[in-house]
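Accompanying notes for the structure given below.
The values are calculated or read from the model by the stated rules, or taken from the named source; none is laboratory data. This one's a predicted model, so the numbers in the text were calculated from it and none came from an experiment. Don't worry about glycine lacking a Cβ; one is built from the backbone with ideal geometry, like all the others, and counts go over all protein chains shown.
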């Protein structure tokens, strides 16, 4: 039985309603910051329970522009997790800063207990990642940030509608970045991103930064960038945003079924703790496994498109080593990188496909 990782063919099997609106865009020719962008921003802000949403070109742009709006530049340091996707650290570098990594917890998220030791006089901001769709420990992060008077930008690129005690991510820090990449829970037909903030002052700065610093067609208030959300992608987003909750609910249902089936395989399979006060939205379904590489090969033989997110933590990548990091600096992230595996969890999986994944992992460890 084939279990694909991508679900895009199924999701867009009936694309005619979207194509009709795109045809309307062609007739209007409002390709740059057209009305669908503002409509999508309003809907996205409501979805996140926030005051403002600013559409940008990518999730990386969302993080980069947030850091620039906070004044991050050359010589500044921004603290983040060692195991995140490269875009998190890349956004810091793009802003002119230096990524400073800290180790992670057993839920794959940044360890707040390691933050203060990484703070220096050059620290400009904290950038926690809600990795895989599970919220980071934001209460502890915000307490540290308050104590050291540091702004917090949330990397929520994988975590739309994730929450802690009912508070949606993006409502803890001063800003949050989201990605609309095709494989995200809320996706578009290419690249797209959104910044969410409750600060009116920051919102104004971000709207200038994303559009060359233009106050209007003829006045440039600041030097900015070209990081706008395409109107075409906003049209796609407006069609899909209404399904975000149903998509997420299906992912959570599949993840809980996988949890129930894999728990008996402990200790050879280790699932991260699922806390009742946290809403994990499962952009990724990740766990640690003994003999990971052989398990991955076994699953591929059975046409289960499992993946690894990611086999090399950032500090051990060539780019990270050039920052002065070495083996052993972040032992938890390094150990997890050798053990983590990701199973498909998307909304188009059938019950039989979910059970086939459980049966396959079970067969591997029982043989």
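What are the residues in segment 205-221 that are farther than 30 Å from residue 23 by Cβ and either touching a residue at least 24 places away in the same chain (Cβ under 8 Å) or in contact with a helix residue (DSSP H, G or I) (Cβ under 8 Å, 6 or more places away or on another chain) (or both), if any?
Of segment 205-221, the ones farther than 30 Å from residue 23 by Cβ are 205-206, 208-209, 213, 215, 218-221.
If the condition is that a residue be farther than 30 Å from residue 23 by Cβ and either touching a residue at least 24 places away in the same chain (Cβ under 8 Å) or in contact with a helix residue (DSSP H, G or I) (Cβ under 8 Å, 6 or more places away or on another chain) (or both), then 205, 206, 209, 215, 221 are the ones that fit.
Scanning segment 1-34 for residues that are over 30 Å from residue 304 (Cα atoms) and in contact (Cβ under 8 Å) with a residue 60 or more places away in the chain gives 17, 18, 21, 22, 25, 30, 31, 32, 33, 34. Residues in segment 1-60 that are within 20 Å of the chain's Cα centre (by Cα), assigned to a helix (DSSP H, G or I) and surrounded by 18 or more Cβ atoms within 10 Å (Cβ to Cβ): 40, 41, 44, 45, 47, 48, 59, 60. In the set (1) modelled with pLDDT of 95 or more; (2) out of contact with any helix residue (DSSP H, G or I) (no Cβ under 7 Å at 6 or more places or on another chain), residue 273 fails one condition alone, (1). The one condition from (1) under 18 Å from residue 87 (Cα atoms); (2) part of a loop (DSSP other than H, G, I, E, B); (3) out of contact with any helix residue (DSSP H, G or I) (no Cβ under 7 Å at 6 or more places or on another chain); (4) free of Cβ contacts under 8 Å to residues at least 60 places away in the same chain that residue 190 does not meet is (3). Screening the candidates 242, 228 for the property of being surrounded by fewer than 24 Cβ atoms within 10 Å (Cβ to Cβ) and over 14 Å from residue 54 (Cα atoms) yields one hit, 242. Scanning segment 25-52 for residues that are under 21 Å from residue 183 (Cβ atoms) and in contact with a helix residue (DSSP H, G or I) (Cβ under 8 Å, 6 or more places away or on another chain) yields a total of 4.
Kindly indicate whether residue 151 is out of contact with any strand residue (DSSP E or B) (no Cβ under 8 Å at 6 or more places or on another chain) and surrounded by fewer than 24 Cβ atoms within 10 Å (Cβ to Cβ). First the steps, then the outcome.
On the way: out of contact with any strand residue (DSSP E or B) (no Cβ under 8 Å at 6 or more places or on another chain): no; surrounded by fewer than 24 Cβ atoms within 10 Å (Cβ to Cβ): yes.
For residue 151, the condition - out of contact with any strand residue (DSSP E or B) (no Cβ under 8 Å at 6 or more places or on another chain) and surrounded by fewer than 24 Cβ atoms within 10 Å (Cβ to Cβ) - is not met.
I'm checking my understanding of the structure. Among residues of segment 299-325 that are assigned to a helix (DSSP H, G or I) and farther than 29 Å from residue 349 by Cα, which one is nearest to the chain's Cα centre (by Cα)? Walk me through how you get there before you give the answer.
As a first pass, look at segment 299-325 and keep what is assigned to a helix (DSSP H, G or I): 299-301, 314-316, 318-321.
Next, from what is left, pick out any that are farther than 29 Å from residue 349 by Cα: 314-316, 318-321.
Values: 314: 16, 315: 19, 316: 21, 318: 23, 319: 21, 320: 20, 321: 24 Å.
Among those that are assigned to a helix (DSSP H, G or I) and farther than 29 Å from residue 349 by Cα, it is 314.
Here is a yes/no grid of residues against (1) part of a helix (DSSP H, G or I); (2) touching a helix residue (DSSP H, G or I) at 6+ places or on another chain (Cβ under 8 Å):
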position	(1), (2)
195	no, yes
203	yes, no
223	no, no
250	yes, no
259	yes, no
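Taking strands (runs of 3 or more DSSP E) that fall entirely within segment 85-159, which contain at least 3 residues that are under 15 Å from the mean Cα position of the chain (by Cα) and either free of Cβ contacts under 8 Å to residues at least 12 places away in the same chain or under 17 Å from residue 69 (Cβ atoms) (or both)?
153-155
Being more than 23 Å from residue 337 (Cα to Cα) and not assigned by TED's automatic domain parsing to the domain that holds residue 314 holds for only one residue in 113, 71, and it is 71.
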